Amino acid sequence: MRNAGAVERLRALMLRALARQGFVEGRNLVLEVRTGAAAELPALAEELLATKPDAVLANGSVAIAAVREHSNTVPIVGAAIGGDPVAAGFAVSLARPGGNVTGSLMLAPELDAKRLELLHQAVPTARRIAALGTSPMAARENFAQVGEAAHALGVELSAFYAEVPADYPAAFAAMRSTGAQALAILSAPDFFTNASTLAALALEAELPTACEWREMAEQGCLLGYGPNLAELYGRTADYVARIFRGAAPAICRSSNRHITSSPST
């Protein structure tokens, strides 16, 4: 995981779901967590794999790629595979993935495009809409889908980036200077963790905002649209439990199941 908020969600939801499947931390489950920025992912992935885990839980496509670069045998479970896993090289096909990657597919770029449509419905007078991503590389596919949606809606879309909270004020200042009238915050774990800060800045900038999760709307965004978080983690936990019980591509080294969690972007 990349930050404390993501780790808290993992413990609150993922471990609870695994416990219902009979895997309890401290009893027959060992959880090791590493945190770090995107640039640190390859080194952290190598460090985690050195612990010889039964599975690696990777939150996001960049994290999955970092782990997979170092192993094509250790099972990798994507907690939230945002983009197309086939295009990313994680799977041969959606029906028969093959390889050592499995997990929950979110179709994040498509959902980001849908959020833009919902934002436009909520604020139909907004003709200039800002879209906030973490970085050009991480949000490339998302911006492509959102750009197509903006073109179809006949609105002007401007891209802004903020990789860490310290970047947020400058990003919002830039939005105001370009005359943005609404804001679509793209899918990113860090944006979820910092939802209240982003919502406060959007309110200050008078930008109606669409966010990824219902919980983000509860913290101040105008609207949130996305999967049920508890159900998403429950489904991911089911994949992990299947691997622990021997489903391919399981590598179980002992009765004490060992799962590591890689950083997200």
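The values are calculated or read from the model by the stated rules, or taken from the named source; none is laboratory data. Every value quoted in this text rests on a predicted model; they were computed, and no experiment measured them. When we count neighbours, we look across all protein chains shown, and the Cβ atoms used for this are built from the backbone with ideal geometry, even at glycine. Ligands, DNA and RNA are stripped out before the accessible areas are found, and what is left, the full protein with its side chains, is counted by its heavy atoms. Shrake-Rupley method; radii C 1.70, N 1.55, O 1.52, S 1.80 Å.
What is the log10 of I(q)/I(0) for the stretch 6-94, computed with the Debye formula using one identical point scatterer on each Cα and no solvent, at q = 0.16, 0.23, 0.24 Å⁻¹? Per q value, in the given order, log10 I(q)/I(0) is -0.69, -1.28, -1.34.
Model label sites at T51 and R96, defined 7 Å from Cα along the beta-carbon direction, differ in position by 3.5 nm.
Close amide H pairs (under 5 Å, H built 1.01 Å from N) link G83 with S61, A108, residues at least 5 positions away or on another chain.
Taking label points 7 Å from Cα along the Cα-to-Cβ direction, E32 and T125 give a separation of 5.7 nm. An ellipsoid equivalent to the stretch 107-157, defined through the eigenvalues of its Cα gyration tensor, has semi-axes of 18, 11, 9 Å when rounded to whole angstrom and sorted largest first.
With the Cα gyration tensor of the stretch 138-221 giving a ≥ b ≥ c as the square roots of its eigenvalues, does the rule (a/c under 1.5 for rounded; else a/b larger than b/c for prolate; else oblate) give rounded, prolate or oblate? Rounded is the answer for the stretch 138-221, as its axis ratio a/c remains below 1.5.
If r is the Cβ-Cβ distance from R16 to R214 and R0 is 25 Å, what FRET efficiency results, to the nearest 0.05?
Values: r = 18 Å, r/R0 = 0.74.
Step by step, r from the Cβ atoms, then E = 0.85.
Placing pseudo-labels 7 Å out from each Cα toward the beta carbon at A205 and N228 gives an inter-label distance of 3.3 nm.
Rounded to 0.05, the FRET efficiency of the R235 and V86 pair, given R0 = 25 Å and the Cβ-Cβ distance, is 0.80. In the full protein context, the chain carries 44 Å² of accessible surface per residue, based on a 1.4 Å probe and ignoring ligands, DNA and RNA.
In Å³ and rounded to a whole number, note down the convex hull volume per residue for the Cα atoms of the chain.
On the way: hull volume 29.8 nm³, N = 265.
Spread over its residues, the Cα hull of the chain gives 112 Å³ apiece.
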